[in-house]
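Asks: Dumping the structure here so I can ask a few things about it.
The values are calculated or read from the model by the stated rules, or taken from the named source; none is laboratory data. Just so it is clear, the structure is predicted and the values come from calculations on it, not from any experiment. Ideal geometry is used to build each Cβ from the backbone, glycine not excepted, and the neighbour counts take in all protein chains shown. With ligands, DNA and RNA removed, areas are computed over all heavy atoms of the protein, side chains included. Shrake-Rupley method; radii C 1.70, N 1.55, O 1.52, S 1.80 Å.
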Amino acid sequence: MTNSWVFERLRSVPLFRELSDEELTSIVAISQVRTYQPKSYVFMQGDMLENVYFIHSGTIKIYKTDRNGKEQIVSILQNGEMFPHTGFFRKGSYPAHAEVMEESTLIVIPIKDFEETLMLFPVLSIKLFRVMSEKIIDLQNRLEEQILHNTYEQIVLLLLRLTKTNALPQGKLYRLTTHLTNRELANMIGTSRETVSRTLNQMKRKGLILVDDDGYYLVDAEQLEKEIFM
């Protein structure tokens, strides 16, 4: 990829939008472009922390596993997002797996070079801290959901969250932009695949969700909210 291609793609990343052309050019100078195929790994939990990644296209699943191999999905990331969100200014390992769900083109920046750039541009550092703060708040909200809500309500809240992070409006509905299995949905909230399957079928009967011809979920966010907040 040419430097001009990378420049234009980085300009679309929210973290870099307020940088001057000169500042952004310095980011381009330390960037590489890599393409990953589905089911491959960008990195695995425990690998040495080396790079920060920005998604130009595709979908990346971030998840952790315990010693028994049980999977806990942290997030499903798409265009314009960065990962990992932890690890800056320290030496160590990646805290989770990053698995490619759909063919993905990533802009890759070595952590060491990125840290040096952050110190040169305070505006960029402040924006990064905001992104990381939003992730912390999101994790706190998820913990609160598990404590205060039953499983049905947690699945409702998960679908509502996905309409904000992984969906596009389609009329009065929201079309999820990622194929998610019942197992993956279950692993996002720590429940069983059978429970998710049973709950989704119940929601389909109520008309709260649909599945289109391509297998993507269509979510009626307005009606779902009434399941929790009415």
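Asks: Please list, in order along region 189-195, the HN-Hα scalar couplings obtained from phi with the Karplus expression 6.51 cos²θ - 1.76 cosθ + 1.60 (θ = phi - 60°), rounded to whole Hz, x for Gly and Pro.
Replies: 10, x, 10, 9, 4, 4, 5
Asks: Determine, from the Cβ-Cβ distance of E225 and A29 and an R0 of 45 Å, the FRET efficiency 1/(1 + (r/R0)^6), rounded to the nearest 0.05. Numbers along the way, then the final one.
Replies: Working: r = 46 Å, r/R0 = 1.03.
After rounding, the FRET efficiency stands at 0.45.
Asks: Please arrange R161, R130 by accessible surface area, largest first, computed with a 1.4 Å probe and ligands excluded.
Replies: Working: R161 40, R130 150 Å².
Accessible-area ranking of R161, R130, largest first: R130, R161.
Asks: Next question, about the same structure. Taking region 28-130, which GluC sites (Glu not before Pro) meet the DSSP loop condition and have no more than 14 other C-beta atoms within 10 Å?
Replies: On the way: sites: E50, E71, E81, E99, E102, E103, E115, E116; in loops: E50, E81.
Sparse-neighbourhood loop GluC sites (Glu not before Pro): E50.
Asks: How far apart, in nm, are the 7 Å Cα→Cβ label points at D138 and N201?
Replies: 3.2 nm
Asks: Could I ask something else about it? Reachable lysines from K226, Cα under 22 Å, same-chain residues fewer than 8 places away excluded?
Replies: K164, K172, K204, K206
Asks: From the helices alone, meaning DSSP H stretches of at least four residues, give me the mean residue ellipticity at 222 nm for the chain, per-run term -39500 (n - 2.57), in deg cm²/dmol to the nearest 500. Numbers along the way, then the final one.
Replies: Details: 8 runs with 100 residues, N = 230.
My calculation for the chain gives -13500 deg cm²/dmol from helical runs alone.
Asks: Taking all protein chains together and a probe of 1.4 Å, list V219, V211 from the most accessible to the least accessible.
Replies: Details: V219 0, V211 70 Å².
Of V219, V211, the descending order of accessible area is V211, V219.
Asks: Taking a point 7 angstrom from the Cα of S40 along the C-beta vector, which residues in region 53-76 have backbone N less than 16 Å away?
Replies: Under 16 Å, as judged by backbone N against the label point of S40, lie 53-61 of region 53-76.
Asks: State, to one decimal in nm, how far the label point of R90 lies from the label point of D47, with both points 7 Å from Cα in the Cβ direction.
Replies: Result for the modelled spin labels: 2.0 nm.
Asks: Here is a further query. Quick one: helix 111-120 against the long Cα principal axis of the chain, what's the angle to the nearest 10°, folded into 0 to 90?
Replies: 70 degrees
Asks: Write down the Å³ per residue value for the convex hull defined by the alpha carbon atoms of region 60-144. Before the final figure, lay out each step's value.
Replies: Numbers: hull volume 10.0 nm³, N = 85.
In region 60-144, the Cα convex hull volume per residue is 118 Å³.
Asks: What percent do you get for the relative contact order of the chain when only Cα pairs under 8 Å and 6+ apart count?
Replies: On the way: 349 pairs, mean separation 42.9, N = 230.
19 percent.
Asks: A follow-up question, please. Report ³J(HN,Hα) in whole Hz for each residue of region 70-83, in order, from the Karplus equation J = 6.51 cos²θ - 1.76 cosθ + 1.60 where θ = phi - 60°; Gly and Pro get x.
Replies: Using θ = phi - 60°, the values come out as 5, 9, 10, 6, 8, 6, 10, 9, 9, 3, x, 8, 10, 7 Hz.
Asks: First select every other residue whose beta carbon is under 13 angstrom from the beta carbon of V28; then total the charges, Lys and Arg +1, Asp and Glu -1.
Replies: On the way: positive: R9, R11; negative: E8, D21, E22, E23, D113.
Result for the local shell: -3.
Asks: Going toward the positive end of the dipole of the chain, with +1 on Lys and Arg Cβ and -1 on Asp and Glu Cβ, which of I76, I155, I27 do you reach last?
Replies: Towards the positive end, the residue furthest out is I155.
Asks: OK, next. Using only the Cα atoms of the chain, what semi-axes does the equivalent ellipsoid have when each is the square root of 5 times a gyration tensor eigenvalue? Give whole Å, largest first.
Replies: Numbers: eigenvalues 223, 75, 58 Å².
Working through the eigenvalues yields semi-axes of 33, 19, 17 Å.
Asks: Sequence-distant or interchain residues sharing an amide H contact under 5 Å with V74, placed H: which?
Replies: I62, Y63, K64
Asks: Follow-up. Give the lysines reachable from K64 as a straight Cα distance under 18 Å; neighbours fewer than 8 places away on the same chain don't count.
Replies: K39, K135
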